[in-house]
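The values are calculated or read from the model by the stated rules, or taken from the named source; none is laboratory data. These numbers were taken from a predicted model, which means no experiment stands behind them. Here the Cβ positions follow ideal geometry from the backbone for every residue, glycine too, while neighbour counts run over all protein chains shown. Please note that ligands, DNA and RNA were not included when accessible areas were found on the heavy atoms of the full protein model with its side chains. Shrake-Rupley method; radii C 1.70, N 1.55, O 1.52, S 1.80 Å.
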Amino acid sequence: MSESTELESRRFPVPEQLAARANVGPEVYEEASRDRLAFWARQAERLTWEQTWDQVLDWTNPPFAKWFVGGRLNVAYNCVDRHVEAGHGEQVAYHWEGEPGDRRTITYAQLKDEVCKAANALLELGVQAGDRVAVYMPMIPETVIAMLACARIGAVHMVVFGGFSADALASRLDDSGAVLVITADGGYRRGAASALKPAVDDAVSRSGAVRNVVVVKRTEQDVDWTEGRDLWWHDVVDRQSTEHTPEAFDAEHPLYIMYTSGTTAKPKGIMHTSGGYLTQVAWTHWAVFDLQPDTDVFWTAADVGWVTGHSYIVYGPLANRATSVMYEGTPETPHRGRWFEIIDRYEVSILYTAPTVIRTFMKWGEDIPAEFDLSSLRVLGSVGEPINPEAWLWYHEHIGGGRCPVMDTWWQTETGAHMITPLPGVTTLKPGSAQTPLPGISAKVVDDEGNELGDDTTGLLVLTEPWPAMLRTIWGDDDRYVDTYWSRFGREVYFAGDGAKKDADGDIWLLGRVDDVMNVSGHRISTTEVESSLVAHPTVAEAAVVGASDPTTGQGIVAFVILRGDAEQLGREDSGDDLVQQLRQHVAKDIGPIAKPRQIMVVQELPKTRSGKIMRRLLRDVAEDRELGDVTTLTDSSVMSLIKDKLPATSSSDD
Ligand code: WT7
C-alpha cells in the first residue's frame, strides 16, 4: 500500500460551502501554536465543569501527565443531562437498528432516565467509585447506557468486544479486577443469534473478584443461571428511580480501561481519565467532522467494543449533543446494501468507517450503493489503517457522490482521540495521507536515533508533547507504560509504533506498524499473542506468525508451525489439513475469531538469525508469495527452500 501512495497526486480542495462556514477555519492552527495550553483550555470550556481547573497541564513527572488539575466534572452529566437541561430533551440521541430489523429511537431525555436507572442499580449492587465493571455486550443501547451509568457513579468501565473468547474475557477480568459483569444473553450477527452468556459463565468461574453478572435480554436464547450471582437487567434496572444526582469527579479520575494488543502476549490495559479525554474527543468530533448538532445525523459504523466506538459512538457525539445512528449487525445482512439503506432511511450526513469495509464494498461493486439515495452525506471519515488511494477515491466517488471530503484520521487506543487528520473546512485533501497534526498536537517523523527528519523522508512517528486524551498508564503496570511508549527516545517523547513518511509539503503518510503488531481489518493483533496461543496447543513445538498483506483486510494472519515429534505423523497425513483446521479453531477459541490465522503452514524449520531471532521478513516474503529478500544472515539458508517447497500442500483458508 505504501508504494501506491507515491503515485497518487490528485488533490481535492475544500468544498465551497464548507470553506465559508465550517466549525473550524485555518486560523485555528496558528491560534494553537501561539499557546497550546490556552488552546486546550478553551476547548475544555466547551464542557460543563463543577469546579474549574487551577492548572491546564502538570508535566513535571513525565510521562505521567495530569490535565486540568483541580478541575471536577461528571462525564455522564456532560453527555446527557446538560443537553436535557438546555431544552434538547426531545432530540434523538440514537437511531438504533438491530440486525433483524428491529428499531428503537432514544431521545436525550429517555437516555437520561435510563442512565439514572442503571446508575441506581449499580449502586444497589454495591458498585463504588473506582470499581471496575466489565461490559461484554452486543451493539445495543444498553451497552451505551451501561457505560454512562458507570461514568456517572465514577466506576471504571472495561468493555470487552463481544467477539472475544471466554479466555480473552477471563484474562481481562483478572487483570482489571472487575467486580461486576454486564452482558446479554446474546446478540445478532450474520443473521443468527450468537450467545454471549456462556463465555461469561466460563470466564467468571475462573476469576475471583466478580460478584454479580447482570444480563440484558436481547435474543431470548436459553441461558444457564447462577442463583445469587446472576440478575436480569430488566429485574434490577427497570424498577429504579429515574432520578440520580451526579457527583463530580476529579479531572484525572479513571473513566475506562480498554485492552489492546502489544508486542508481547499479554494485552495492555490502556487507562483513560475524565476531563482531558472528554475535552479532546468532544473537540475533535466537532472539528474533524464539522458536526452541526441541530441538523447532522452522525454514524460511526464500528463496534462500541473498540476505542473508535468509545470516543466516536459514545463520548464525543454525546458531549456534542449529536444525533447518531447505531447499528448492531454486519454490512451484508440480510443484503449487501444494508448500510446504504440505513444512510438513506435516517438521512445520515456524516459517515465514519474503516478502509477494510470500503474495500469490501468496492469488491461488491458500485451498483449496490447506487441503488440508494446517499445525497444526505456531506463528510466522510476513515480510521484504523492507512487508506490506500484507490479505496479513498472509490469512497469519495461512490459513497460521497464526489462532494464529501474524506477525513483520514490517524490515532490509537492510546491516544484516545484523533491526532493527525485533515480538517474539512481547511485542508486540500491528498488521498492516502492523514496529512497534518491537529491544532494543539505535536507529531514528528524521526530516524532511529530520534533526530527529526526533513520533508520527503521516511522514519518513525513520535508525539513530542503530551495531549489531553492521552493514556495515563497501563492498568497496574506503570513500568510497562514507560517502557513501551516513553523509553525509546526519552521520557518526553511518545513512540507510536508506526512508520511514517513526510512528503515535500510536510504532510504525513502513515506506513503501518514497525513492531510485531498486525492490523487485520483495522484491529490490532499481536504476532506474539497468536504465537503463544499456537504453542499452547499440544501438537505445536514452535510457531512464527506474520501479517501478510491482504487486499481486503489490510493484513491477514499467516502462521508457520513446527509440530512436536509425536504429532509430526498427523501433520503428514491428509497433508495435515485436519490438524491445520484444528489449530485455526484453537486460536479462534483462545483469542477470538478475528485472530484466526488465514493460513497455517506446517514446516520443518523456521528461518533464524545466528542470534536465534526469527526472521519474519523472510516469512512475510513467503506469505506474500514474493522473491525472497536477503538470506545471508540466516544460520541455514536451505531452510527457506524447504519452507517454499512445503507451501501449497499445507495452506488453508476456508473463510
Ligand atoms: C493503529 C492503532 C484508532 C482507532 C482504531 C485503531 C493504525 C489507525 C490509522 C490511519 C494509518 C492508522 C496505526 C495505529 N491506524 N488509524 N488513519 N492511518 N494507520 O486503534 O487498535 O489502537 O490501532 O492503527 O497503525 O498505530 P488501535
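Some notes on this structure:
- Identity of the residue in the range 496-517, more than 10 Å from the ligand (Cβ to nearest atom) and either of a type in the set (D, E, K, R) or open to solvent by less than 40 Å² (accessible area, probe 1.4 Å) (or both), that ends up nearest to the chain's Cα centre (by Cα): ASP516
- Selection status of VAL304, within 16 Å of the ligand (Cβ to nearest atom), part of a loop (DSSP other than H, G, I, E, B) and either more than 17 Å from the chain's Cα centre (by Cα) or crowded, with 23+ Cβ neighbours inside 10 Å (or both): yes
- Any hit, the range 416-432, residues being touching a Ser or Thr at 6+ places or on another chain (Cβ under 7 Å) and open to solvent by 40 Å² or more (accessible area, probe 1.4 Å): no
- Looking across VAL160, VAL135, VAL156, VAL210, one residue alone is open to solvent by 10 Å² or more (accessible area, probe 1.4 Å) and under 22 Å from ILE474 (Cβ atoms). It is VAL210.
- Qualifying positions in the range 417-449 - among the hydrophobic types (A, V, I, L, M, F, W, C), touching an Asp or Glu at 6+ places or on another chain (Cβ under 6 Å) and closer than 13 Å to LEU463 by Cβ: VAL446
- Where a residue in the range 379-393 is touching a residue at least 40 places away in the same chain (Cβ under 8 Å) and under 17 Å from LEU18 (Cβ atoms) and its partner, wherever it lies, is part of a strand (DSSP E or B) and more than 13 Å from the ligand (Cβ to nearest atom), with Cβ under 6 Å and at least six apart: VAL379/ILE350
- Checking LEU647 against (1) at pLDDT 75 or above; (2) open to solvent by less than 60 Å² (accessible area, probe 1.4 Å), the condition it does not meet: (1)
- Among the residues making up the range 258-287, those that are within 13 Å of the ligand (Cβ to nearest atom), under 27 Å from VAL69 (Cβ atoms) and either of a type in the set (A, V, I, L, M) or part of a loop (DSSP other than H, G, I, E, B) (or both) are MET258, ILE270, VAL281.
- Taking every residue in the range 409-428 that is modelled with pLDDT of 95 or more and pairing it with any residue that is of a type in the set (D, E, K, R) and more than 7 Å from the ligand (Cβ to nearest atom), at least 6 positions away or on another chain, the pairs with Cβ-Cβ distances below 7 Å are PRO424/ASP290; GLY425/ASP290; THR428/ARG11.
- Residue in the range 541-551 that is surrounded by fewer than 23 Cβ atoms within 10 Å (Cβ to Cβ), without any contact (Cβ under 8 Å) to a residue 60 or more places away in the chain and touching a helix residue (DSSP H, G or I) at 6+ places or on another chain (Cβ under 8 Å) present: yes
- Count of the range 308-337 residues which are among the β-branched types (Val, Ile, Thr) and open to solvent by less than 10 Å² (accessible area, probe 1.4 Å): 4
- Wholly enclosed strands (runs of 3 or more DSSP E) of the range 318-419 bearing at least 2 residues touching a helix residue (DSSP H, G or I) at 6+ places or on another chain (Cβ under 7 Å) and away from the ligand (no atom under 13 Å from the Cβ): 324-327
- Screening VAL540 against (1) under 23 Å from GLY269 (Cα atoms); (2) at pLDDT 90 or above leaves a single unmet condition, (1).
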